[in-house]
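The structure appears below as structure tokens.
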Amino acid sequence: MTNKKPLIAVTTTNDKGHTFLHRDYSDAILLAGGIPFVIPSMGDADIEDELVEAADGLLLTGGEDIDPNLYGEEPAPGLGTLTPERDATEKRLLVKFMAADKPVFAICRGLQLLNAVAGGTLIQDIERALPNALQHRQLAPRDHLSHQVEVEEGTLLMSIVRASRVRVNTFHHQAVKQLAPGFRINATAVDGIVEGIESLSQRFVLGVQWHPENLARTDAAAIRLFEAFVQACRFKESIGAGGHSR
Ligand SMILES: [Mn+2]
């Protein structure tokens, strides 16, 4: 373990010539003791390799819908805006960070990308697929805690939030359909919508469907998520039995 602040690669949306990141993401990393390192969409494999080597962890942020081609489905009515270049960049980075066993924290779209890249599928539009589901696209302010999620016992998520129920904000219309192999569900809403997943084999590959970055100043579970992620990024190798060391 080192006292140096870990460097966290943070993914962004490229839109109309701008690289866009909501400031709450970088503020939450700073608050948790990390250094946010904002990365644009890229296409250069050598640069990406160097980035993965330089960075201590990857934060996959929220954004537009995941291209259903990524999980072997055709576009359905209700599918929103796609950002294929971002999908491609994030997919390559995710695979490389996971291969290096560096921590990945995936928020909202990030969780969906994680599940798709790891071999799962997505509900393209919750309202169409599940008309009786809760409202998962809240119209309340970003930091309003809209719905409850039940946290699974014995999960990494439970060890971080230390509560079997948390209230969360919600800004998504897509969700996990089929869970990726090698992952487990760690949180669920009362309507059955998956609200969190984590890797069974990697030391810290965790996704949440809500937006803890908007809650980092006000909600204990939210800041703990960022602190646990940044803490995991301080370790250069696996801890404990069963981990592989380098
Ligand atoms: Mn939700």
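Worth a mention:
- Overall form of region 143-237 per C-alpha gyration tensor (a/c, 1.5; a/b vs b/c): oblate
- Whole-number Å³ per residue for the convex hull built on Cα positions in the chain: 123
- For region 7-243, relative contact order (Cα pairs under 8 Å, six or more residues apart, normalised by length) works out to 21 percent.
- Principal axes of region 1-63: Cα extent on each, largest first, Å: 39, 29, 14
- DSSP finds beta bridges in the chain, and of those with both partners inside it, around 55 percent are antiparallel.
- Contour excess over end-to-end distance, with Cα ends at residue 137 and residue 54 and 0.36 nm allotted per residue: 26.3 nm
- For region 86-149, a Kirkwood radius taken over Cα pairs fed into Stokes-Einstein (25 °C, viscosity 0.890 mPa s) yields D = 175 µm²/s.
- Kirkwood analysis of region 62-107, using all unique Cα-Cα pairs, places the hydrodynamic radius at 11.9 Å.
- Once the convex hull of all Cα atoms in region 28-140 is built, its volume per residue stands at 128 Å³.
- Figure legend: label point modelled 7 angstrom from the Cα of residue 150 along Cα→Cβ; residues of region 168-182 with amide N under 16 Å from it are 168.
- Distance from region 189-240 to region 106-146 (C-alpha centre basis), Å: 16
- Here the label points at residue 82 and residue 191, each 7 Å from Cα along the C-beta direction, are separated by 2.5 nm in the simple model.
- In order along region 134-148, the phi-based Karplus estimate (6.51 cos²θ - 1.76 cosθ + 1.60, θ = phi - 60°) of 3J(HN,Hα) comes to 5, 6, 9, 10, 5, 9, 6, x, 3, 9, 7, 8, 7, 10, 8 Hz; Gly and Pro are listed as x.
Readers should treat all values here as calculations from the given coordinates under stated rules, not as data from a laboratory. What you see is a predicted model, and the numbers here were worked out from it, not measured in a lab. Backbone-built Cβ (ideal geometry, glycine too); neighbour counts: all protein chains shown.
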